[in-house]
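Visitor: Take a look at this one; I'll ask things after.
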Amino acid sequence: MLSKADAEAVRAQNRRLVIDHFRHQPVSTRRRMSAVTGLSLSAASSIASDLVRVGILSESEPVDRQRSRGRPEVGLHLRGAAASVAVLKISVGEIAVSLADYQGQVLAALRRDVDLSALSADAFVALARSVLSDGLETLSPHHGPLRQVVATVQGVTDGAERRIIWSPILKPRGIDLATPLEALTGARVRVLNDCGVMPERFRWGNEIGSPDFAVLFIGFGVGMGLRLSGRTFRGAQSSAVEFGHLNHIPGGDLCRCGNRGCIEAYAGDYAIWRAAKGASPSLFEKRVPDAAMKDLADAAREGETAAVLAFERAGEAIGYGLGRLFTLMDPLPVVFIGSGAEAMDLLEVSIRRAIKASAIDGIGADTPFVVMSDVDKVTLEASTTLALAALDEAFSTAASGPVEEAAE
């Protein structure tokens with residue numbers, strides 16, 4: 001016989017299988033659930049009924065009406081009102097909030113344009129609380145209780161997912177953002193590097209076709225997220241994966257982080273801009289507008305020498321960084337995101353050339369590249385997915401009922 005602890009583990013695992021099934025198949029049936037998860041039909045039916053009882057699943061109109069024998073099966077789907085989640089996106093020039101229900105449907109979204117660079121730590125926290133509070137006012141009781149808040153920021157966050165250690169868009173350091181937001185909402189709050197969250201966008205999709213891949217942001221800065229063995233990598237002490245701050249040329253151009261020679265100092269939008277315009281490598285703009293970077297890319301496409309060389313130099317810095325990464329951990333597919341991704345036609349040749357030059361036997365120079373330039377959409381979807389996945393785990397272990405049969 002199973003011990004109580006073993007029985008609880010089996011119960012949680014089987015509920016996990018069922019809930020994850022509905023993330024991939026929004027509407028399903030008990031029979032289809034059994035076939036996909038490997039649970040017996042009786043176990044799948046028992047789990048489904050239990051999850052309906054506790055309000056995690058809802059029954060809908062019968063499906064498979066064309067079946068020649070028997071009654072059509074009752075449809076099942078995740079119950080949106082089971083809970084809600086919030087995403088707080090902190091980026092250069094703005095704070096935005098988005099709220100979604102348990103099905104992942106966006107309930108409300110708002111943004112506030114603001115210069116964050118001059119704010120004190122207290123003023124910044126007060127602003128974040130205010131924006132989140134405005135978003136929460138749009139929720140009604142039928143939307144379900146707020147259970148998870150994911151706050152993303154450009155910069156380095158701590159391994160406990162509570163503090164902003166450093167950000168190029170904020171003057172103060174070591175800001176505890178989780179504690180005041182938890183006091184406001186009563187929900188679990190996680191503070192994360194925005195690029196580190198981006199691989200979550202692909203958790204329930206199949207666009208990449210590999211459990212291992214990198215998401216590389218090129219824009220205001222250069223950042224990376226990694227998905228390894230089906231899990232998004234996070235550091236034990238900090239958000240880690242600071243790809244843009246790997247050293248490219250010791251003592252080289254000035255990076256926004258204060259060090260010299262980082263990859264970002266050659267591939268960030270400000271770095272490409274100053275190289276194309278002949279500006280000092282020790283100076284950078286607060287932000288180069290996306291429209292200005294688009295004009296610069298168009299100039300390169302028309303053959304303007306300085307612009308062409310600036311993009312080639314950026315691609316080279318990225319390529320050497322990727323080559324080193326591939327030498328450490330094998331080649332990975334790379335998803336390029338951000339305004340820089342819109343100039344992949346100007347970057348790709350030099351990126352692949354630099355990978356070939358820096359990796360052993362040129363391994364990884366032909367690795368697949370995927371381009372998704374809308375960074376706001378990717379960040380929102382990734383953060384929402386992360387929050388919902390955390391709820392799935394909590395609901396898997398919290399629901400009660402009999403022990404189900406293990407997957408076969």
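The values are calculated or read from the model by the stated rules, or taken from the named source; none is laboratory data. Fair warning: this is a prediction, and the values are worked out from it, not measured in the lab. We place every Cβ from the backbone using ideal geometry, glycine too, and count neighbours over all the protein chains shown. For accessibility, only protein heavy atoms count, side chains too; no ligands or nucleic acids. Shrake-Rupley method; radii C 1.70, N 1.55, O 1.52, S 1.80 Å.
Visitor: Suppose we keep just the DSSP beta bridges with both residues in the chain; what percent of those would be antiparallel, to 5?
Guide: Close to 65 percent.
Visitor: Relative contact order of the chain: what whole-number percent is it, with Cα pairs under 8 angstrom and at least 6 residues apart?
Guide: For the chain, the relative contact order is 16 percent.
Visitor: Please report the relative contact order for region 1-141, taking Cα pairs under 8 Å with a sequence separation of at least 6, and give it as a percent rounded to a whole number.
Guide: 14 percent
Visitor: Right, something else. Specify the angular offset, from 0 to 90 degrees and rounded to the nearest 10, of the alpha carbon long axis of helix 4-24 from the longest principal axis of the alpha carbons in the chain.
Guide: Between helix and principal axis, roughly 70 degrees.
Visitor: Considering region 218-319, what Rg and Dmax in Å follow from its alpha-carbon atoms?
Guide: Expressed in Å, the Cα Rg and Dmax of region 218-319 come to 14.6, 46.
Visitor: About its Cα centre, what dipole magnitude does region 252-408 give when the only charges are +1 on Lys and Arg Cβ and -1 on Asp and Glu Cβ, stated in debye to the nearest 20?
Guide: 1000 debye
Visitor: Considering only protein heavy atoms and a 1.4 Å probe, what is the carbon-and-sulfur percentage of the accessible area of the chain?
Guide: Taking all protein chains in place, the chain shows 52 percent carbon and sulfur surface.
Visitor: Another question, then. If one takes the longest principal axis of the Cα atoms in the chain, at what angle in degrees, from 0 to 90 and to the nearest 10, does the Cα axis of helix 121-136 lie?
Guide: In the chain, helix 121-136 runs at an angle near 40 degrees to the longest axis.
Visitor: Here's something else I'd like to know. With all distinct Cα pairs included, what does the Kirkwood hydrodynamic radius of the chain come out to in Å, to one decimal, could you say?
Guide: Hydrodynamic radius (Kirkwood, Cα pairs) of the chain is 23.1 Å.
Visitor: Of Tyr102, Ser60, His143, which is farthest on the positive side of the dipole of region 51-162, counting Cα position, with +1 on Lys and Arg Cβ, -1 on Asp and Glu Cβ, and the Cα centre as origin?
Guide: Ser60
Visitor: Another one. Compute the separation of the alpha-carbon centres of region 212-241 and region 101-129 and state it in Å as a whole number.
Guide: If we compute the Cα centre of each part, the gap is 23 Å.
Visitor: Find the lysine pairs in the chain meeting two conditions, Cα atoms under 16 Å apart and a separation of 8 or more places or different chains, and report how many there are.
Guide: Lysine pairs meeting both conditions in the chain amount to 4.
Visitor: Further, regarding this structure: Compute the angle between helix 375-398 and the longest alpha-carbon principal axis of the chain, please, reported from 0 to 90 degrees and rounded to the nearest 10.
Guide: 30 degrees
Visitor: Divide by every residue of the chain the summed helix terms, -39500 (n - 2.57) for each DSSP H run of at least 4, and state the resulting mean residue ellipticity at 222 nm, rounded to the nearest 500 deg cm²/dmol.
Guide: -12500 deg cm²/dmol
Visitor: Would you pull out the residues with amide H under 5 Å of Phe336's amide H, same chain only if 5 or more places away, H placed 1.01 Å from N?
Guide: Leu216, Val370, Val371, Met372
Visitor: Toward the positive end of the charge dipole of the chain, about the Cα centre and with charges on Cβ (Lys, Arg +1; Asp, Glu -1), which of Ala389, Pro281, Met224 goes farthest?
Guide: Positive-end residue among those listed: Ala389.
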